[in-house]
1. Determine the pairs where a residue that is more than 22 Å from Ala169 (Cβ to Cβ), located within region 39-51, has a partner that is surrounded by 11 or more Cβ atoms within 10 Å (Cβ to Cβ) and charged (D, E, K, R) with Cβ atoms under 7 Å apart, the partner being 6 or more residues away or on another chain.
2. State whether the residues of region 22-35 include one that is in a loop (DSSP other than H, G, I, E, B) and of a type in the set (D, E, K, R).
3. When you scan region 252-307, how many residues do you find that are part of a helix (DSSP H, G or I) and either charged (D, E, K, R) or farther than 19 Å from Pro94 by Cβ (or both)?
4. Could you check, for region 257-275, whether at least one of its residues is in contact with an Asp or Glu (Cβ under 7 Å, 6 or more places away or on another chain) and farther than 20 Å from Ala96 by Cβ?
5. Report whether or not Thr120 is modelled with pLDDT of 95 or more, more than 20 Å from the chain's Cα centre (by Cα) and of a type in the set (Val, Ile, Thr).
6. With the checklist (1) hydroxyl-bearing (Ser, Thr, Tyr); (2) in a helix (DSSP H, G or I); (3) touching a strand residue (DSSP E or B) at 6+ places or on another chain (Cβ under 6 Å) in hand, flag the one item Thr81 doesn't pass.
7. Sort out which residues of region 287-308 are hydrophobic (A, V, I, L, M, F, W, C), farther than 19 Å from Gly253 by Cα, under 24 Å from the mean Cα position of the chain (by Cα) and crowded, with 20+ Cβ neighbours inside 10 Å, and write them in order of number.
8. Identify the single condition in (1) in contact with a helix residue (DSSP H, G or I) (Cβ under 7 Å, 6 or more places away or on another chain); (2) assigned by TED's automatic domain parsing to the domain that holds Ala226; (3) not basic (Lys, Arg) that Gly281 does not satisfy, given that it satisfies every other one.
Amino acid sequence: MYKSKFISLALVLACSTSFASTDLVKKAKDSGLKAIPADKVELMKLIDDPKDPITDAKVELGKKLFFDPRLSRSGLISCNTCHNLGMGGDDGVPAAIGHKWTANPHHLNSPTVYNSVFFTAQFWDGRSPHLADQAQGPMQAAPEMAAPANLVKERIVSIPEYVAEFKIAYGDDVNITFEKIATTIATFEKILVTPSKFDDFLNGDVKALNDAEQKGLNTFIDKGCASCHNGIALGGTMQPFELAGKYKFADVGDFKGDDKGMVKTPTLRNITETGPYFHNGAVWALTDAIKEMGSIQLGIKITDAQADEMLTFLKALKGRKPAIIYPQLPEESATTPKPTFD
């Protein structure tokens, strides 16, 4: 009899938990949070371009270009230098370091490249609409890779193996331009998608998040964080900054956003791996970043307990990353432009 009552009580509790989790899934979706699709076909609809479809050949070529430091003037800096795929897709320092050991002149922090395909804007000021356009910037920027477009092209077309791989990827009549090189890098970056147990939860597995993680998600929504950190990327859109208060480290660097004061909201996916935080990398502890955002964006005080609850949820956003094997890069030829350090 007692055993029967115990089993019945357990079933009631299990059902109650299931219903509560289902309600939270709906609440999350109603708040604008979206999952990375579990179905590959549905995912490809979001990340692929029918006019320039993702293929294995383009991805492999783009990966080599992403890791190739010869796309920089010095031959020392690759895309992976600032967007290290083994370190959450960024570099782990407050301000990006580039050509001649130069720190970003605006003290801007390198954003992660993981899940950047879901961003509606690229760069902190949102000046690039998509990855292919964004990839052109760092290669040419003086404090970053410092390589003029013509130099990047000359380096690549002087390497026979690269020329052959471009023909495989795009056809024998391919015109290897600087823009085509950047587009190919972007094709590789498109597949850097990291689904997490948060996505599993939104996709119907109500047990994917434990009770503490669900509590943290609920607090995250209730405090208003999802008003900016929403969509599939939980960020990646242009939003007004310092809505309710002054950012305590506003004087670190001179970045003020775009001409309307808008700043690209960073993704919260893999956020525990991508510190330091904010556009200028001035905050190292994630709980401090959470409380600072409450103050300057929401005009509320987030307690230590609430910050810890949200941190527990944010940890659940650490995703399953695609396996990336460091490529063997093709050897240069006698005509390959030499590195310069001016």
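The values are calculated or read from the model by the stated rules, or taken from the named source; none is laboratory data. Given the structure is predicted, the values throughout are model-derived calculations rather than measurements. Quick reminder, even Gly has a Cβ in these numbers, built from the backbone with ideal geometry, and neighbours come from all protein chains shown.
1. So the pair list comes out empty.
2. Narrowing region 22-35 to residues in a loop (DSSP other than H, G, I, E, B): 31-32, 34-35.
Those left that are additionally of a type in the set (D, E, K, R): 34.
Checking region 22-35: at least one residue is in a loop (DSSP other than H, G, I, E, B) and of a type in the set (D, E, K, R).
3. Step one: of region 252-307, the residues part of a helix (DSSP H, G or I) are 271-273, 286-298, 304-307.
After this cut, where a residue has to be either charged (D, E, K, R) or farther than 19 Å from Pro94 by Cβ (or both) as well, the list is 273, 288, 291-292, 294-295, 297-298, 304-307.
Residues meeting the conditions: 12.
4. no
5. Values: modelled with pLDDT of 95 or more: yes; more than 20 Å from the chain's Cα centre (by Cα): no; of a type in the set (Val, Ile, Thr): yes.
Spelling it out, it is not the case that Thr120 is modelled with pLDDT of 95 or more, more than 20 Å from the chain's Cα centre (by Cα) and of a type in the set (Val, Ile, Thr).
6. For Thr81, the exception is condition (3).
7. Here is the first cut: in region 287-308, the residues hydrophobic (A, V, I, L, M, F, W, C) are 289-290, 293, 296, 298, 300, 302, 305, 307.
Restricting the remaining residues to those that are farther than 19 Å from Gly253 by Cα gives 290, 298, 300, 302, 305, 307.
Now restrict to residues that are under 24 Å from the mean Cα position of the chain (by Cα): 290, 298, 307.
Passing the criteria: Ile290, Ala307.
8. So Gly281 meets the others, but not (1).
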